[in-house]
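The values are calculated or read from the model by the stated rules, or taken from the named source; none is laboratory data. From a predicted model like this one, the values you see are computed outputs, not experimental measurements. Cβ sites come from the backbone with ideal geometry, for glycine too, and all protein chains shown count toward neighbours. Areas reflect the complete protein model, heavy atoms only, side chains present, ligands, DNA and RNA absent. Shrake-Rupley method; radii C 1.70, N 1.55, O 1.52, S 1.80 Å.
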Amino acid sequence: MTQKYEPVIGLEIHAELQTNSKMFCSCSADYSNAPEPNTFICPVCTGLPGAMPVLNKKAIEQATLVGLALNCSINEFNTFARKNYFYPDLPKGYQISQYDLPIASKGHLDILDDTDTPMRVVVRRVHIEEDTAKLAHEKNYALVDFNRAGVPLLEIVSEPDMRTVEAALSYATKIRAILRYLGVNAGDMEKGILRFEANISVRPSGSSELRTRTEIKNLNSFRALTRASAYEIERQIKVYEAGGEVVQETLGWDEARGVTVSQRGKEDAHDYRYFPDPDLPPLQLDRAWIDSVRNQLPELPDDKKRRFISDFKLTPSEAQLLTSEQTLANYFESIVAKSKSPAKTIHSWMAGEFMRYMNDSGFALEDINLSAEQFAQLIDMVTDKTISGNSGKVVLNEMLKNGGDPAQIVKEKSRTGFRYGLYSGSHRKNPER
């Protein structure tokens, strides 16, 4: 059935920016550490009459940085608009956002599709807005916490260029990595600071038409993104196969049941009645200032991947793994600098036992008590055959769990190590009886 149709997928990615204060006021943006609900609030972020917004310069800088990283044109003249809709989590009754003149537009991101073929996704726009308050739904009522209201939010909108769920996942994963490399978003999807919205339609294979789309809101994990997108594609195909028509609507994702559910009719831009915010003058960015932000760009994942392939003679897939996270790439380079072993050997150790422990434990690299120098020392002990490879894995697991110096661990375990082959080759002795 699916061969008769092809999906058309575009993504909207919402990323909270890592600033100290909110987008239009001086309240703390660190709402996750608020002592209690509705404490990091003021007349501006709660929408009280007469309160006047003021732009957060750091948020503008971070948004510009993201736009440059996504190969966008930075618009020197951009404006803020009021996006009008009424919901309990929006205290003003409108959201301050950008519409016709966003901070960045016309960019692109190169990814690999489901067959590892390079493809380009066009980034339509990158614009700044403010996050909403947080709702807690109880049985017969809802509670509103305004601590999150007004936190700087960046929306990255792609063109509908992706044709498979795997391509959408590749794009979303790469956007997250870039945001983390830039230091503008921690990428903690489970905390809601990075959220995906998938715009999906299906059409006959080979067709160029754009059919009615649906939007799946607030997907807060890669698993939710892929499962929800796959389900919605199959649902729409079944609608067309039955002779029906897909309705343009906003959908939610029910993780427990594994289905999309209708939330409301999908709004178009005119439904939001956009108009320029009268309290915020147009933002004029100086070209010299934009160039100074450009100079802050770090080595991004693609550039680092190319360098790892060139300098360390890694395969593309090996380099892809090591550059998927900036902390992982930096850790690898630190080990290489301190080790006498080949870079490919170091990759093998990191991709094997080390990543297995990380995945099983659920720890982040920052939580691991194993310095690059200690890891390099252990790898070198195996490379020069001081201990066997299997024994090295035993020592590595001990270091990951309890820390410690590899030579000291070998020494402490020497008596049992003799029995179980801790040492290799010429170092192996007969056990004492």
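Listed values, structure above:
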read-out	value
Global form of segment 54-153, assessed from the alpha-carbon gyration tensor, a/c cut-off 1.5	oblate
Inter-label distance, nm, simple model (7 Å from Cα along the C-beta direction), D254/L112	3.7
Whole-number percent relative contact order across the chain, with pairs defined as alpha carbons under 8 Å at least 6 apart	15
Segment 318-410: C-alpha gyration tensor shape, a/c 1.5 cut-off, then a/b vs b/c	oblate
Karplus 3J(HN,Hα) series, Hz, for segment 282-297 with 6.51 cos²θ - 1.76 cosθ + 1.60 (x for Gly, Pro)	x, 9, 9, 9, 7, 4, 5, 5, 4, 5, 5, 5, 4, 5, 7, 4
HN-Hα J in Hz across segment 57-66 - Karplus 6.51, -1.76, 1.60, θ = phi - 60°, x for Gly and Pro	4, 5, 5, 4, 4, 5, 5, 5, 4, 5
Contour minus Cα-Cα distance for E209 and A51 (0.36 nm per residue)	52.2 nm
C-alpha long axis of helix 165-182 to longest principal axis of the chain, angle in °	80
Centroid-to-centroid separation of segment 30-84 and segment 148-187 [C-alpha atoms, Å]	18
Between 0 and 90°, nearest 10: helix 389-402 axis offset from the chain longest Cα axis	60
Surrounding net charge for D116, when Lys and Arg each add one and Asp and Glu each subtract one, Cβ distance under 13 Å	-4
Burial order of peptide ranges 76-87, 58-69, 154-165 (average beta-carbon count within 10 Å, highest first)	58-69, 154-165, 76-87
Surrounding net charge for H14, when Lys and Arg each add one and Asp and Glu each subtract one, Cβ distance under 15 Å	-2
Set of segment 65-92 residues, backbone N closer than 18 Å to the point 7 Å along the Cα-Cβ line of H137	86-90
Radius 15 Å from Cβ of Q98, net charge of other residues (Lys, Arg +1; Asp, Glu -1)	-4
Loop trypsin sites (Lys or Arg not before Pro), segment 97-151, which have at most 10 other Cβ atoms in a 10 Å radius of their Cβ (DSSP)	K139
Distance between modelled label sites at D279 and L365, nm, 7 Å Cα→Cβ extension	4.2
Solvent-accessible area per residue for segment 65-165 (1.4 angstrom probe, square angstrom)	42
